[in-house]
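Below: the structure, in C-alpha cells.
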Amino acid sequence: MQEKIAQLRGAFKDALSAAKDAPALEALRVEYLGKKGSVAALMQNLRSLAGEEKKAAGQVINELKTGVEQAIKAAGEALAEAELKAQIAAAKPYDVSLPVRTPHGSYHPITLVQREVERIFVTMGFTVEEYPEVVDDYHCFEALNIPKHHPARDMQDTYYLSNGQLLKTHTSAAQNSIMRKYGAPLRAIFPGRCFRNESIDACHENTFFQMEGIMIDRDISISNLIYFMKTMLSEVFQRDVKVRLRPGFFPFVEPGFELDISCLICGGEGCPSCKDSGWLELCPCGMIHPRVLEMGGIDTNEYTGFAFGLGLTRLAMMRYGIKDIRDFNSGSLKALAQFEG
C-alpha cells in the first residue's frame, strides 16, 4: 500500500507540472480527487488491511489527498494571475484626455442650486470661498461667541474625532478665518457640507449643505440683509417669494433672526416637509455680534456687518419640489437621475 501511495504521489507531481491551463488542471482534479479517482481507489483498498497497518495507510492517504487539493488550488491561482498579467500587458494604454463619447450621469440637485446661488452672489460683488469640513473647536464655536458649556452647543451636537477636532456643524465655522484673511470691507460666501447628530426625518438629516454669507462695511444694517436675501431668492425661484423674519437666538449675531420661506411644495397649506406649518426655515441670519467681529480682527467702531446661513439642501427641496430630504443622500438613481445641468 505504501508503495502504491508513493507511486501515485510521484505521478501526480509529473502530471501537475505538465498541466498548463485551467482545463488540464480540472481534468487532473477529477482524475485524482473525483468519486472514481485514484485517491478514492486507494481508500477502497483499505478494506483489505487491518489494525495498525490500516490506520497508518489511511493517515498517509488523507495527507496525499490534502496535498493534491492544495497543489491544484495553488496552481489554479498561479495560472489566473499569469493570465491577468498577460491581459494587462496586451491591453492598449488608455488616454484619459480623450473626450467622453456619451454623457454619463447628471449633477446633483444641491450642486445645481449651489452653483446658481454662487452666480447670483458673485454678480452682487461677493467672493466664493472654500473651507475644510474638519475644524477645531475654536473656529466652530468659541470664535463665534459660543464658549464651552454654552447651552447653544446642545443644538449642534456633532461628531468629534480622536485628535480633538470635529466635523463642522455649520458653515459659520469659516467666519473667523475669512475675516482675518481679508479684513474689512468684506463680501464673501462660503458653501460647504455640515454634520450634526440629528434624528433623521423628512426635513432633517445628519449630513446637509449650507452656504454662509457675510457682508462687513460701514453703516451696514438689517435693511441690507433683507435686500440681498430677497434678491437672491427671487432670482433662484424666478418669481417673488413670500418670506418672513422672526426673532431667533444665535450667539454670533445680535439681533438674530430666522428667515422663513413660504413652503413651495405645498403652497403654504402644510405638508411633512414644513411640519404642516406652511413655512420652511431657510436662513438663520442677523447682524454680526461685535465680539465676533473683534475676534476676527475687525474694528467695531468703524464697521458693522450681517451674516446668514442659507440652507442649500432645503433650498433645493423648494426649487425642485422634493418632499423628503433623505432622497438627496439616498443614492437612488430613480430620484436623482431626473436632474440635468
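The values are calculated or read from the model by the stated rules, or taken from the named source; none is laboratory data. Quantities reported herein were computed from a predicted structural model and do not represent experimental measurements. Positions of Cβ are backbone-derived with ideal geometry, glycine not excepted, and every protein chain shown enters the neighbour counts.
Brief remarks follow.
- Spans of helices (runs of 4 or more DSSP H) in segment 1-114 with at least 2 residues among the charged types (D, E, K, R): 2-18, 22-33, 51-90
To keep it simple, each residue is scored yes or no on (1) basic (Lys, Arg); (2) under 28 Å from the mean Cα position of the chain (by Cα); (3) part of a strand (DSSP E or B).
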{"site": "SER223", "(1), (2), (3)": "no, no, no"}
{"site": "THR231", "(1), (2), (3)": "no, no, no"}
{"site": "ARG239", "(1), (2), (3)": "yes, no, no"}
{"site": "GLY256", "(1), (2), (3)": "no, no, yes"}
{"site": "LEU259", "(1), (2), (3)": "no, no, yes"}
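- Among the candidates VAL135, VAL68, residue that is surrounded by 15 or more Cβ atoms within 10 Å (Cβ to Cβ) and touching a strand residue (DSSP E or B) at 6+ places or on another chain (Cβ under 8 Å): VAL135
- Counting only residues that are surrounded by 15 or more Cβ atoms within 10 Å (Cβ to Cβ) and of a type in the set (S, T, N, Q), segment 208-222 holds 1 of them.
- Every condition in (1) surrounded by fewer than 20 Cβ atoms within 10 Å (Cβ to Cβ); (2) of a type in the set (Val, Ile, Thr); (3) under 23 Å from MET287 (Cα atoms) is met by ILE189 except one, and the failing one is (1).
- Looking only at segment 223-258, and only at residues there that are of a type in the set (Ser, Thr, Tyr) and without any contact (Cβ under 8 Å) to a residue 40 or more places away in the chain, the one that is surrounded by the most Cβ atoms within 10 Å (Cβ to Cβ): SER234
- Any hit, segment 263-280, residues being under 30 Å from ASP219 (Cα atoms) and not in a helix (DSSP H, G or I): no
- Check on PRO147, modelled with pLDDT under 90, in a loop (DSSP other than H, G, I, E, B) and in contact with a Phe, Trp or Tyr (Cβ under 8 Å, 6 or more places away or on another chain): yes
- When segment 123-173 is filtered for residues that are on the phi > 0 side of the Ramachandran plot and free of Cβ contacts under 8 Å to residues at least 60 places away in the same chain, the ones remaining, listed by number, are HIS149, GLY164.
- A single entry from VAL100, VAL30 fulfils the requirement of being over 30 Å from ASN224 (Cβ atoms), out of contact with any helix residue (DSSP H, G or I) (no Cβ under 9 Å at 6 or more places or on another chain) and at pLDDT below 80: VAL100.
- Here segment 291-313 is the region considered, the condition is being under 27 Å from ARG196 (Cα atoms) and assigned to a helix (DSSP H, G or I), and the residue that is nearest to the chain's Cα centre (by Cα) is THR313.
Residue by residue, here is whether (1) in the same structural domain as MET229 (by TED's automatic domain parsing); (2) at pLDDT 80 or above; (3) surrounded by 15 or more Cβ atoms within 10 Å (Cβ to Cβ); (4) not β-branched (Val, Ile, Thr) holds:
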{"residue": "GLY278", "(1), (2), (3), (4)": "yes, yes, yes, yes"}
{"residue": "ILE288", "(1), (2), (3), (4)": "yes, yes, yes, no"}
{"residue": "ASN301", "(1), (2), (3), (4)": "yes, yes, no, yes"}
{"residue": "LEU312", "(1), (2), (3), (4)": "yes, yes, yes, yes"}
{"residue": "LEU315", "(1), (2), (3), (4)": "yes, yes, yes, yes"}
{"residue": "MET318", "(1), (2), (3), (4)": "yes, no, yes, yes"}
{"residue": "SER332", "(1), (2), (3), (4)": "yes, no, no, yes"}
